[in-house]
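Down below is the structure, laid out as structure tokens.
The values are calculated or read from the model by the stated rules, or taken from the named source; none is laboratory data. The structure displayed is predicted, hence computed values, not measured ones. Cβ coordinates were reconstructed from backbone atoms using ideal geometry, including for glycine residues, and neighbour counts include every protein chain displayed.
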There are 2 protein chains.
Amino acid sequence: MASVRKTDKRIEDEALVETPDLEEFIGYNLKRAYVIVQSDFRRTLGEDGFAPRVFSALSLVVQYPNVTSSGLARMLGIERSGLVAIVDELEGRGLLKRTNVPGDRRVQALVPTAKGKTAYAEARAAVRAHEDRLLSNLSDDEKATLMSLLGKIRATEA
Amino acid sequence: MASVRKTDKRIEDEALVETPDLEEFIGYNLKRAYVIVQSDFRRTLGEDGFAPRVFSALSLVVQYPNVTSSGLARMLGIERSGLVAIVDELEGRGLLKRTNVPGDRRVQALVPTAKGKTAYAEARAAVRAHEDRLLSNLSDDEKATLMSLLGKIRATEA
DNA sequence: CCCATATTGTTAATCTAGTAAACAGTTTAT
DNA sequence: ATAAACTGTTTACTAGATTAACAATATGGG
């Protein structure tokens, strides 16, 4: 036990210590779990893979072709100014196009390219694999329960 | 329905739209739920209340008096360099003291002040109230289940 | 006892994600 | 016609976090 001396009142393995006061809070557990899943996502998708938010944006563009930037921002729950860089990246990679909309010259409909659709399909499979592997100690039932409870939290926002 | 025109193929209320591909991922739901809880935490504790990470640090210092900065960082799962500002803030508010440790002149044990202990007790109550209110559509059973499932995710990290 | 190795707290530089405010152009509603 | 609202964007800023380096100190193996 490398770092422990006789006179040491400190805890042996601080990373595994129990923190009763904090662990009674949903928020704390939510954050810790989120950090774990997120960093595994990044690790799995790799250096020049999609960041989570870019993946999410691409997913919505593929599912809702002709969505606008504003609409996409609202779906993602972020400011539309924050979406510019994301759309820039996806357009720069040739995965979507900003296109004009006949009836309204303010908006630009976001349309996935063929390349964008296949890239999304692959990324989606990679993300599935990442979660299946990372969360292999949860049963399908447990995953479904977790989803539904997280959904209840999301439903508090309106 | 203000923003909808006859020719509009866009979705009426994008913020509430279903995003099937994304909602099948734990990570996405985890993040959305986390953002909701976190921002309600900040809103509830107010402008000059504790930020979540400061609250967590204070909690651990109160529960583990004489913990070191390094130990605290390990418990919180962050780099020790990142803890400096947090401890600075808590010490600046008079809620803890950096103290010398007789046996080891490298380390500084973090000791909560009396003020720190009472401030923590109050903050803890405020955080409890925030979660009770925000998550009032979850039963105690559901909260306990959620905790245990989040704990399973946290357990994947080791 | 010596020396390599490790640990502690800290600073500085950098990165990412996100917000807020302003903007010009455009559309809608009164 | 005019006020109000919406769109996409830029710019400036903030928060949170990481990495690398540092001096001071401590530990363990030979």
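Structure above, values below:
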{"item": "Qualifying positions in region B:129-152 - at the interface with another protein chain (Cβ under 8 Å from one of its Cβ atoms), part of a helix (DSSP H, G or I) and free of Cβ contacts under 8 Å to residues at least 40 places away in the same chain", "result": "B:Glu142, B:Lys143, B:Thr145, B:Leu146, B:Met147, B:Leu149, B:Leu150, B:Gly151, B:Lys152"}
{"item": "Filter result for A:Phe41 (at the interface with chain B (Cβ under 9 Å from one of its Cβ atoms) and in contact with a Gly (Cβ under 8 Å, 6 or more places away or on another chain))", "result": "yes"}
{"item": "Candidates A:Ser70, A:Ser81, filtered to the one that is within 15 Å of DNA strand C (Cβ to nearest atom) and either within 9 Å of chain B (Cβ to nearest Cβ) or surrounded by 21 or more Cβ atoms within 10 Å (Cβ to Cβ) (or both)", "result": "A:Ser70"}
{"item": "Set A:Arg154, A:Arg53, A:Arg105: member being modelled with pLDDT under 95, within 30 Å of B:Arg133 (Cα to Cα) and within 16 Å of DNA strand C (Cβ to nearest atom)", "result": "A:Arg154"}
{"item": "Looking only at region A:15-40, and only at residues there that are away from DNA strand D (no atom under 15 Å from the Cβ) and not in a loop (DSSP other than H, G, I, E, B), the one that is modelled with the lowest pLDDT", "result": "A:Leu16"}
{"item": "B:Val107 vs. criteria within 14 Å of DNA strand D (Cβ to nearest atom), within 11 Å of chain A (Cβ to nearest Cβ) and either within 17 Å of A:Pro20 (Cβ to Cβ) or of a type outside the set (Ser, Thr, Tyr) (or both)", "result": "yes"}
{"item": "Residue check for A:Leu60: part of a helix (DSSP H, G or I), within 16 Å of DNA strand D (Cβ to nearest atom) and touching a residue at least 24 places away in the same chain (Cβ under 8 Å)", "result": "no"}
{"item": "Count of region A:84-126 residues which are assigned to a helix (DSSP H, G or I) and touching a residue at least 40 places away in the same chain (Cβ under 8 Å)", "result": "7"}
